[in-house]
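Undergrad: Submitted below is the structure of interest, expressed as structure tokens.
The values are calculated or read from the model by the stated rules, or taken from the named source; none is laboratory data. Remember, it's a predicted structure, so these values are computed and weren't measured experimentally. For neighbour counting, all protein chains shown are included, and Cβ atoms are generated from backbone atoms with ideal geometry for every residue, glycine included.
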């Protein structure tokens, strides 16, 4: 068997098309790499500054500053208790804590999660033992 018959019998056209596509893909990747080579050279020239910048970014994201605790005056605390008591009155008795928090967030109250936590710790909001909460009378 000679000529085209041998090429067809051994899948020569498919192999030729595959070879062409491999070579074309390789050349496309090579041309893209060469076109972006200047960025790699800039990084190499400024490698010390780049390493410092990366280290600063990594360490600053891991290290957090000290937590700032805002001291509240008695008047502010009384006002906060009054506002949250009014919110609790709008809900059914006993109320679900997620619904209460969602209502506080929707009203735009400042720091609702920590404030509700403080109110629970101070005894203004008390659990009823069944998964719900009641406002202390």
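Undergrad: Kindly establish whether residue 101 is in contact with a strand residue (DSSP E or B) (Cβ under 6 Å, 6 or more places away or on another chain), closer than 13 Å to residue 133 by Cβ and in a helix (DSSP H, G or I).
TA: So residue 101 fails the test.
Undergrad: Among the residues that make up region 119-126, is at least one of them modelled with pLDDT of 85 or more and either within 30 Å of residue 43 (Cβ to Cβ) or surrounded by fewer than 11 Cβ atoms within 10 Å (Cβ to Cβ) (or both)?
TA: yes
Undergrad: On to the next question. Let me confirm something: among 35, 21, which residue is over 30 Å from residue 114 (Cα atoms), surrounded by fewer than 10 Cβ atoms within 10 Å (Cβ to Cβ) and either modelled with pLDDT of 90 or more or assigned by TED's automatic domain parsing to the domain that holds residue 112 (or both)?
TA: Only one candidate qualifies: 35.
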